[in-house]
Amino acid sequence: MKGRVVVAQKKAQSTQKKTAEAKGASTSAKKPAESVKAAPVKSEPVTKTEPAAKAEPAKKTEPAAKAEPAKKTEPAAKAEPAEKVEPAKKAEPAEKVEPAKKAKPAAKKPAAKKTKPAAKKAVAEETKPAEPAAEAAPVAEQPAAPAAETVAAAEPVAEPVVEAAPAQPQYDTPRRSVAFIGSECHPFVKTGGLGDVMYALPRELVKQNCDVRVILPRYACIPQKYQDKMVYRGEFYMDLGETGRSYYVGIMEYIWDGVVYDFIDNQEFFSAGNPYVGLVEDIPKYCFFSKAALAALNYMNWIPDIIHCHDWQAALVPVFQKTLFKDSPVGHAKSVLTIHNLRFQGIYNIPTIRYWTGLPAEVFNMGALQQAWRDANMLKGGLAYADRITTVSNTYAWEIQTPEYGEKLEDHLRYHSYKLRGIVNGIDYGMWNPATDPALAVNYDITNVLERKPQNKLALQKELGLVEDEGKLVVGLISRLTNQKGLDLVNAIVPQIMDGNTQVVVLGTGDKEYEDTFRYYENAYKGMFSACIQYDESRAHRIYAGADVLLVPSRFEPCGLTQLNAMHYGTLPIVRETGGLKDTVEPYNVFNGGGNGFTFDRYDAGLLLDAINRAKTEYFTSRYHWDEVVQRDMAKDVSWTNSARQYKDLYLELTPW
């Protein structure tokens, strides 16, 4: 072996070029020193010098000639062209190098393990002449080792980047803090659409880079399972109006899905079983609540950028803020007041409201709270003092400025029209999603709605005792049973739509007149008409899934959520063109197949009957086009995402800093 190495060394010296050999030797001598400092462990694989092992087949002196490419090729593995030489076929060590060649991107360690036996052989042979080859090897292997290290280092760095990437698009707008103040919120207490908005909108705003708190009264009717999870935040005493006494204000906190819920506690005002009792009780209750909400924000030292109030129960918040709280920290926030239903305004005599609020005399004038000379209108005052006014649809924002829908505030609203705008509500896909709804007999989505929706119809018919026939048209009606919802129109045409191929399902409570009327129809049309005089949330979900059409013939409708739920469940709405119904339902066009529902304009029973008959015609004669509309409705985006984005833009408009 010594002789072979000497021969190889002499051949290498004779074939190398003049001073280039000396320069290469000097540089290679420096680099091993650096490599020893950087990675002393790698000096062992260097001494093994697999090229030295390959030098064994160097009997033909060809590997010595190929030692020059070994210098030129930086990665040691590329010295493997020697494998193509015929002697390499006999040399099994060269075959062992091939795995190292394949493992160049990431598997250098196995090659290092294999180098140890080679190192032992070198030690056993005690060949000092192999050192020049060792010097050449580090030169070749040194660049490869950092490359492997950079690859290994890049892998852990890439993982956190991938995890952080999805969070970036969520925060494309500046952060704002918003305090929601209202009288109800699902799931704590809910009597109508306000509860849904107070639940869904804050959760969506959190995704739009908002810090949100919801301030509510702590009613005694809130389910105990939520009461038990509330955490005591603090308490203080607050004077109220001209009562001459201080009232206890407790703050109980509950955090859920990124939203902080603060409940104003006072058993003297909120011990009733229902949130709304009557004006005599409700006026003092919400005067206290409006002032206590602002005082609680100061007490917690949480000063929002925006205070967003809802309906007349919180309408005095902007009035208090701009008067009694104008010099406090919370007085610098901007205010938004949303009208969910203009019919309810909180009107009472001026002396009573002055007694419970203690507001200065200037607010009780015709431009603010005063109405009809002797009364004070809490909603009217809030509209005057709020920085922005919103309604729950664009059409309703226009309608309330007319005598027909203005509820005696049309002049006041026209005066403040420069700060009035409409933003349509959405629905919470977490609660209303036919693909995951646990209340349904069969879940479905847009890909299989045509096959699975009839199964839900059969399950609904069986549940309600109707004739089980998926070929019949099922008409649903989910509503409060009041005149506002157009039930007088429905009452007038029921006998004309019961033709043997149509079934009607009614769910809701309200005026006794309509409750008794629908019970009569259930008895008169057994197996074809079902009157569920109750409100069952899970049954409502099943009606949305099992019905073919849903009636919403409202006299006026600020927004309406039932038609949005129906469309998302593949049920076509039949609506009157008013408020949010007009904004969200496009009439079906028999000529080009466009639209997503059936509509009528004037408040007339004959026009409602005509709309129902048009729906029947399409259902029984043009099922292909009907199914297209069903899928189009399910594909429509009716979530809160777009609505929340519009509210966020409004907040940024008010706070441009």
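The values are calculated or read from the model by the stated rules, or taken from the named source; none is laboratory data. Here the structure is a predicted model, which is why all the values come from computation and not from measurement. Positions of Cβ are generated from backbone atoms using ideal geometry, with glycine treated the same way; all protein chains shown enter the neighbour counts. Quick note on the areas: whole protein, heavy atoms, side chains included, nothing else; ligands and nucleic acids left out. Shrake-Rupley method; radii C 1.70, N 1.55, O 1.52, S 1.80 Å.
Observations on the model:
- Cα centroid separation, the range 254-329 to the range 199-249: 7 Å.
- Entries in Lys225/Lys526; Lys190/Lys526; Lys291/Lys636; Lys326/Lys485; Lys326/Lys419 that, when Cα-Cα distance is taken, lie over 30 Å: Lys225/Lys526; Lys190/Lys526; Lys291/Lys636; Lys326/Lys485
- With all protein chains kept in place, the per residue accessible area of the range 342-396 amounts to 39 square angstrom at a probe of 1.4 angstrom.
- Sulfur and carbon atoms: percent of accessible area, the range 435-578 [1.4 Å]: 48 percent
- Surface per residue (accessible, 1.4 Å probe) for the range 614-657, Å²: 50 Å²
- Computed with a 1.4 Å probe over protein heavy atoms only, the accessible surface of the range 415-487 comes to 43 Å² per residue.
- Net charge of neighbours whose Cβ lies under 14 Å from the Cβ of Leu240, counting Lys and Arg as +1 and Asp and Glu as -1: +1
- Cα centre as origin, Lys/Arg/Asp/Glu Cβ charges: the range 371-470 dipole, Debye: 500 debye
- Taking the DSSP beta bridges with both ends in the range 330-476, the antiparallel portion is around 40 percent.
- Amide proton proximity set for Gly422, modelled H, under 5 Å, gap of 5+: Thr391
- Count Lys and Arg as plus one, Asp and Glu as minus one, and take only other residues whose Cβ is under 15 Å from that of Ile389; the net charge is then 0.
- With θ taken as phi - 60° and the Karplus curve 6.51 cos²θ - 1.76 cosθ + 1.60 applied, the whole-hertz 3J(HN,Hα) list for the range 440-453 is 7, 5, 9, 7, 7, 9, 5, 7, 10, 4, 5, 8, 9, 5 Hz, x standing for glycine and proline.
- In order along the range 467-473, the phi-based Karplus estimate (6.51 cos²θ - 1.76 cosθ + 1.60, θ = phi - 60°) of 3J(HN,Hα) comes to 4, 7, 8, 6, x, 7, 7 Hz; Gly and Pro are listed as x.
- The amide H of Ser177, built 1.01 Å from its N in the peptide plane, has Asp211, Asp305, Ile306 as neighbours under 5 Å, considering only residues 5 or more places off or on other chains.
- Cα-only radius of gyration and Dmax that characterise the range 482-603, units Å: 14.3, 43
- Set of the range 269-312 residues, backbone N closer than 18 Å to the point 7 Å along the Cα-Cβ line of Arg245: 269-272, 281-289, 292
- Other residues within the sphere of radius under 15 Å centred on the Cβ of Phe270, judged by their own Cβ, net out at -4 (K and R +1, D and E -1).
- Debye intensity ratio in log₁₀ form over the Cα atoms of the range 307-444, taken at each q of 0.19 Å⁻¹: -1.04
- Note on Glu628 and Lys225: with the Förster distance fixed at 51 Å, the Cβ-Cβ geometry gives a FRET efficiency of about 0.70.
- Once you reduce the range 612-657 and the range 348-402 to the center of their Cα atoms, the two points are 33 Å from each other.
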